[in-house]
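Below is one structure, written out as structure tokens; the observations come after it.
The values are calculated or read from the model by the stated rules, or taken from the named source; none is laboratory data. Bear in mind that the values here come from a model prediction, so they are computed numbers and not experimental data. Here the Cβ positions follow ideal geometry from the backbone for every residue, glycine too, while neighbour counts run over all protein chains shown.
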Amino acid sequence: MGCKHDCTGCKQECIDRAVQLGYENTTKYWGCAQSTFVAVVDTLREYGVELTDKESEEAIFKCLVGLSGGHANMGDGNCG
């Protein structure tokens with residue numbers, strides 16, 4: 001997976017892949033922030049970009065639960 005050369009279509013391909021994974025992740029993870037984060041990290045990894053190490057990724061993932069449902073499930077604020 002992932003475009004291995006520099007081309008205009010690669011950027012859109014990468015974005016499309018992240019969107020696809022984001023939708024798929026919503027069935028695995030409850031929080032939209034977590035689903036989005038994992039989609040971006042996994043997509044970039046597929047394209048050869050290591051955004052963070054696994055230990056940090058797991059810590060960030062756990063911290064993002066506070067954004068679920070718009071700041072601690074209050075329905076107010078940002079979400080994924």
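Points worth noting:
- The residue of region 20-59 that is surrounded by the most Cβ atoms within 10 Å (Cβ to Cβ), among those that are without any contact (Cβ under 8 Å) to a residue 40 or more places away in the chain and of a type in the set (Asp, Glu), is Asp42.
- Members of region 46-61 found to be closer than 18 Å to Tyr29 by Cβ and not in a helix (DSSP H, G or I), listed by number: Leu51, Thr52
- Checking each residue in region 30-45 for being part of a helix (DSSP H, G or I) and not aliphatic (A, V, I, L, M) picks out Cys32, Gln34, Ser35, Thr36, Phe37, Asp42, Thr43, Arg45.
- Of all residues in region 32-49, those satisfying the criterion of being modelled with pLDDT of 90 or more and either farther than 10 Å from Leu21 by Cα or hydrophobic (A, V, I, L, M, F, W, C) (or both) are Gln34, Phe37, Val38, Ala39, Val40, Val41, Leu44, Arg45, Glu46, Tyr47, Gly48, Val49.
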